[in-house]
Amino acid sequence: MASLGTILRYPDDIYPLLKMKRAIEQAEKQIPSEPHWGFCYSMLHKVSRSFSLVIQQLGTELRNAVCVFYLVLRALDTVEDDTSIPNDEKLPILFAFHLHIYNTDWHYSCGTKEYKVLMDQFHHVSAAFLELEKGYQEAIVEITKRMGAGMAKFICQEVETVDDYDEYCHYVAGLVGLGLSKLFLASGSEVLTPDWEQISNSMGLFLQKTNIIRDYLEDINEIPKSRMFWPRKIWGKYAAKLEDLKYEENSTKAVQCLNEMVTNALMHIEDCLKYMAALRDPSIFRFCAIPQIMAIGTLALCYNNVQLFRGVVKLRRGLTAKVIDRTKTMADVYGAFYDFSCMLKTKVDKNDPNASKTLNRVEAVQKICRDTGVLQKRKSYINDNGQPNNVYIVMVVILLAIIIAYLRAN
């Protein structure tokens, strides 16, 4: 749950937070009894609580395939991210990872905390994979093979140009978008549009670029070696070294660089909206839409925000709960993208070197959303000023007392 101070400031977060807490409890109770599936869903909850919630939108067969797909790629990503593994050892694993999925005896000890558990007990993931329908297996193996080769390529070279940046993001996330589209097709729930590869790729790139922007400080402080994904073509305009952006004396240039990175990510939104609008199955739609709304919200929060270079910047938990609770139709998506675009637009400094480009991209998103004619048919996610009032405070205190009493009784 969120802190008391945050709840008092945003009292309308309470109901969505309680619903999300209940959904988490229900998801934990529904973990399958079979050891391999139990491991997969327990691990999914540990490595990404938000994703483990979103995946609950899907039907059982597709949910199992997506769960395995996610864990396979998380394991692959754990190998790539572990900077303590020598390249001559790491590269063969990345190239052959798609073959290891078939081997229930294979494991490789790397990573930390829950990721180390995932790698040490990867045989459970393999066992679950082998129970999937052939169409699901083929999609997972193909994407894992392509992603491993792409990761290996960028182990040996830095992200220099914006094209490099797009290519890297394609390998580590665009392919996830393509893979999910293939899984949706294999389930019989969706059909592929003629431009499905481009817009699936954009879905992944938008999420990945948001993560790369948000995780700057964590990646640059990685031990024993920094992870550097921001393209030199961008950050080289503002600093001699990428790590220089985290120092307070470089704050102005750092924020300008951050704003250019956010502006770059905004270019994918039109494709993302097009992809989501084409989805037919309501459960798949929610599964896809919730992370995309979280991404535009995160970009709006990060834009022009020097705190990104000082610590963690993320959406408050209550807002996350609202997104999960309220995202049901394309009207909700257009509304959320419009709201967060407005939030971002208010933060644009006319003296920023990329202000004109940023405004053009934000206004293009706003126009797409307005032209749908549905903006009046939904609740706003962010049109609150975060100011407490006495009535709400009294109600919150009473409600919290009831919740605490209930929890103690149970």
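The values are calculated or read from the model by the stated rules, or taken from the named source; none is laboratory data. Note that this is a predicted model, so its numbers are computed, not measured. Here the Cβ is made from the backbone with ideal geometry for all residues, glycine too, and neighbour counts use every protein chain on show. Note: areas computed on protein heavy atoms with side chains; ligands, DNA, RNA excluded. Shrake-Rupley method; radii C 1.70, N 1.55, O 1.52, S 1.80 Å.
Numbers at a glance
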{"quantity": "Subset of the stretch 131-152 [hydrophobic (A, V, I, L, M, F, W, C) and touching a Phe, Trp or Tyr at 6+ places or on another chain (Cβ under 7 Å)]", "calculated": "Ile140, Met147, Ala149, Met151, Ala152"}
{"quantity": "Subset of the stretch 227-278 (residues that are hydroxyl-bearing (Ser, Thr, Tyr) and within 23 Å of the chain's Cα centre (by Cα))", "calculated": "Thr263, Tyr275"}
{"quantity": "Only listed residue being crowded, with 16+ Cβ neighbours inside 10 Å, among the aliphatic types (A, V, I, L, M) and farther than 19 Å from Arg317 by Cα, chosen from Ala75, Ala27", "calculated": "Ala75"}
{"quantity": "Total residues in the stretch 210-240, condition modelled with pLDDT of 95 or more, assigned to a helix (DSSP H, G or I), open to solvent by less than 50 Å² (accessible area, probe 1.4 Å) and touching an Asp or Glu at 6+ places or on another chain (Cβ under 8 Å)", "calculated": "2"}
{"quantity": "Positions within the stretch 123-158 being open to solvent by 10 Å² or more (accessible area, probe 1.4 Å), of a type in the set (Gly, Ala, Ser) and over 23 Å from the mean Cα position of the chain (by Cα), in sequence order", "calculated": "Ala127, Gly135"}
{"quantity": "Filtered residue count, the stretch 60-87, keeping only those that are polar (S, T, N, Q) and assigned to a loop (DSSP other than H, G, I, E, B)", "calculated": "2"}
{"quantity": "Among the residues listed as Leu118, Leu185, Leu207, Leu175, the single one being in contact with a Pro (Cβ under 9 Å, 6 or more places away or on another chain), of a type in the set (A, V, I, L, M, F, W, C) and assigned to a helix (DSSP H, G or I)", "calculated": "Leu207"}
{"quantity": "Which numbered condition Lys357 misses (of (1) assigned to a helix (DSSP H, G or I); (2) on the phi > 0 side of the Ramachandran plot)", "calculated": "(2)"}
{"quantity": "Residue tally, condition at pLDDT below 95 and open to solvent by 10 Å² or more (accessible area, probe 1.4 Å), over the stretch 39-51", "calculated": "9"}
{"quantity": "Segments classed as helices (runs of 4 or more DSSP H), wholly inside the stretch 241-334, with at least 3 members that are closer than 16 Å to Gln57 by Cα and open to solvent by less than 20 Å² (accessible area, probe 1.4 Å)", "calculated": "282-302, 317-326"}
{"quantity": "Positions within the stretch 93-115 being part of a helix (DSSP H, G or I) and exposed (fewer than 12 other Cβ atoms within 10 Å of the Cβ), in sequence order", "calculated": "Lys113"}
{"quantity": "Qualifying positions in the stretch 293-318 - within 14 Å of Met343 (Cβ to Cβ) and either modelled with pLDDT under 90 or among the small types (Gly, Ala, Ser) (or both)", "calculated": "Ala295, Gly297, Ala300, Arg316"}
{"quantity": "Criterion violated by Asp163 - all others in (1) closer than 30 Å to Ile234 by Cβ; (2) open to solvent by 60 Å² or more (accessible area, probe 1.4 Å); (3) in contact (Cβ under 8 Å) with a residue 24 or more places away in the chain; (4) of a type outside the set (A, V, I, L, M) satisfied", "calculated": "(3)"}
